[in-house]
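Asks: Structure provided below as structure tokens; questions to follow.
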Amino acid sequence: MGEKAAYEELEARLGEAEKIIKALRSGQGDAIIGDKNIYLVRLKQMEEALQKSREELEIRVQERTEQLSQEIDQRRSLSKRLVETVEGDRREMAMYLHDEIGQMLTTLRMELEWSGNGTGEPNGLSNEKRERASARILEILNKVKDVSRSLRPGLLDTLGLAPAIRSMVEGFKEVSGLRVHTHCNWLDETIDPEKSLALYRIAQEALTNVAKHAEATEVFVTLIRKNSSFQLSVEDNGNGFNYDELEKDNSDKGPLGIRIMRERAVLVGGDLTVESKIGKGTNVVAEIPV
Amino acid sequence: MSIPGTGATKNETIVLQLFVAGEESHSKIAVNNLREICDSHLKDRCRIEIVDVYESFDIALENNIFLTPALIKVSPGPRITVFGNLSDTSEVLTALQFGDS
């Protein structure tokens, strides 16, 4: 092929290539013929399909979010009702123990003591036995009072959170043998009773956990009034444990006691964090807005 | 419209090959446009052959067709290719060298 012919052929091919590009640019091409395949030109349709599926996805995400939000609300309200039921039951039990059983035991003890006062009733019990029985009843009475108090802290209603917690801590010290220090930087402020009870129960649960699991020797219970919140912290010098903070966001994970404490805090608008490292003790902190 | 200066006599048949891709939209439009152009401007002189690249892939390759729709004027010469859906009639006629010179 001569040079001129070769040049003309090249020009012809370039001309054709230009036409193809022009047709593609003006959006008039259907399909590109490859060596072995046919490729459909679908840009506009693909864009539209993509846009449509994006819109559908957004709608579905929104619906799902609303659904989840509703589920969370439902669970929260169920939680709240459960807590109210439990507290109600405890109140009733506390009252029953104190009023009925406590009363019966006191009466029994009094009758036992009078029977030794020479009022005329022979009953065959020696003084020693009578005294022992009386002491035994006193023991039982005190235990009943303890249980009643732990079920329903009367001090909470009458004197407030700090005194109630100090009283609880005294009882805890006796039973556990641990050294417990309390510190509170407010005394007289009245707190909403629901929040007060929540903090009391969290402190109670946290101390129970220390006694059961921590193998600690010292515990610090701190109540701090901050600018716009109350903070309760229960810190021990025990074993600590591997608590991954990330797990707290997943409501199905984490030890049950911690989940319950957190739920109590959340129900009154607050939150609970747990810091713990193996060998470095544990610190449970509840923060509740004023 | 007359057919001046094409090298074709009045009775010479004009052979056109239209390469399409099945039922794709531009291909269908091209088919309709071509029929109309032939009916309106090239009365009775047109022989249209529609080649579906899905069915006759090798013919498309032989003819070096890279894009559909593609219209080839087979005869009378020279061989000319037009790409696109043939919506602009005067442009098509000019490209095929059927326009007023």
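Asks: Would you kindly derive the ³J(HN,Hα) couplings of the range A:229-240 from the backbone phi angles with the Karplus curve 6.51 cos²θ - 1.76 cosθ + 1.60 (θ = phi - 60°), listing them in order in whole Hz, with x for Gly and Pro?
Replies: Going residue by residue, I get 7, 9, 10, 10, 10, 10, 10, 10, 9, x, 5, x Hz, with x marking Gly and Pro.
Asks: Starting at the first residue of the range A:13-25, write each ³J(HN,Hα) from the Karplus equation 6.51 cos²θ - 1.76 cosθ + 1.60 with θ = phi - 60°, in whole Hz, x for Gly and Pro.
Replies: 5, 4, x, 5, 4, 4, 4, 4, 4, 4, 5, 5, 4
Asks: Right, another one. Considering amide H positions built from the backbone, and no H for Pro or chain starts, which residues 5 or more places from B:Ile14, or on another chain, come under 5 Å of its amide H?
Replies: B:Cys46, B:Arg47
Asks: Further question: With every protein chain kept in the model, how would you rank A:Ile20, A:Ile32 by accessible area, 1.4 Å probe, largest at the top? Before the final figure, lay out the partial values.
Replies: Working: A:Ile20 25, A:Ile32 65 Å².
In descending accessible area the options line up as A:Ile32, A:Ile20.
Asks: A further question on this structure: Considering Cα pairs under 8 angstrom that are at least six residues apart, work out the relative contact order of the range A:150-225 and quote it in whole percent. Intermediate results must be reported in sequence, preceding the final value.
Replies: Values: 67 pairs, mean separation 31.4, N = 76.
Computed value for the range A:150-225: 41 percent relative contact order.
Asks: Let me ask something else. Just list whichever of A:Lys22/B:Lys43; A:Lys195/A:Lys280; A:Lys195/A:Lys226; A:Lys226/A:Lys280; A:Lys22/A:Lys52 have alpha carbons separated by over 18 Å in the model shown.
Replies: Violating the 18 Å limit, Cα to Cα: A:Lys22/B:Lys43; A:Lys195/A:Lys280; A:Lys226/A:Lys280; A:Lys22/A:Lys52.
Asks: Can you sort A:Met93, A:Met261 by 1.4 Å-probe accessible area, starting with the largest? Walk me through the intermediate numbers first.
Replies: Details: A:Met93 100, A:Met261 5 Å².
So, going from the largest accessible area down, we get A:Met93, A:Met261.
Asks: What percent do you get for the relative contact order of chain B when only Cα pairs under 8 Å and 6+ apart count?
Replies: Values: 153 pairs, mean separation 39.5, N = 101.
Value for chain B: 39 percent.
Asks: A further question follows. With every protein chain left in place and a probe of 1.4 Å, what is the accessible surface of A:Thr106, to the nearest 10 Å²?
Replies: 50
Asks: Can you work out ³J(HN,Hα) from phi for every residue in the range A:53-62, in order, using Karplus 6.51 cos²θ - 1.76 cosθ + 1.60 and θ = phi - 60°, giving whole Hz and x for Gly and Pro?
Replies: Along the range A:53-62, the couplings run 5, 5, 5, 4, 4, 4, 4, 5, 4, 5 Hz.
Asks: Turning to a different aspect of this structure: Taking amide hydrogens as modeled 1.01 Å from N in the peptide plane, which residues meet the under 5 Å criterion relative to A:Ser229, leaving out close sequence neighbours?
Replies: Under 5 Å from the amide H of A:Ser229: A:Val290.
Asks: Right, something else. From the mean inverse distance of alpha carbon pairs (Kirkwood) and the Cα radius of gyration, derive Rg over Rh for the range B:36-79.
Replies: 1.01
Asks: Can you find, among A:Ser150, A:Ser233, A:Ile258, the residue sitting farthest towards the positive end of the charge dipole of chain A, where Lys and Arg contribute +1 and Asp and Glu -1 at Cβ?
Replies: Farthest towards the positive pole: A:Ser150.
Asks: Run the lone-cysteine check on the protein assembly as shown: no other Cys C-beta under 4.7 Å from the residue's C-beta.
Replies: Within the protein assembly as shown, the cysteines lacking a partner Cβ under 4.7 Å are A:Cys184.
Asks: Please figure out what share of the DSSP beta bridges in the protein assembly as shown is antiparallel and state it in percent, rounded to the nearest 5.
Replies: Numbers: 35 of 48 bridges.
Rounded to the nearest five, the antiparallel share is 75 percent.
Asks: About its Cα centre, what dipole magnitude does the protein assembly as shown give when the only charges are +1 on Lys and Arg Cβ and -1 on Asp and Glu Cβ, stated in debye to the nearest 20?
Replies: Numbers: 50 positive and 65 negative charges, 191 e Å.
So the dipole magnitude of the protein assembly as shown works out to roughly 920 debye.
Asks: Can you tell me, using C-alpha contacts under 8 Å and at least 6 residues apart, the relative contact order of chain A as a whole percent? Walk me through the intermediate numbers first.
Replies: Numbers: 300 pairs, mean separation 34.7, N = 290.
With pairs under 8 Å counted, the relative contact order is 12 percent.
Asks: Looking only at Cα atoms, what is the convex hull volume of the protein assembly as shown per residue, in Å³? Mind dumping the intermediate values first?
Replies: Details: hull volume 121.3 nm³, N = 391.
Here the figure is 310 Å³ per residue.
Asks: Would you check the accessible area of B:Cys46, probe 1.4 Å, heavy atoms only, in square angstrom rounded to 10?
Replies: It works out to around 40 Å².
The values are calculated or read from the model by the stated rules, or taken from the named source; none is laboratory data. In this text the structure is predicted, and so the values were computed from the model without any measurement. Please note: Cβ atoms are built from the backbone with ideal geometry, for glycine as well, and neighbour counts cover all protein chains shown. The protein model used for the area step is the full one, side chains on, heavy atoms only, and it has no ligands, DNA or RNA in it. Shrake-Rupley method; radii C 1.70, N 1.55, O 1.52, S 1.80 Å.
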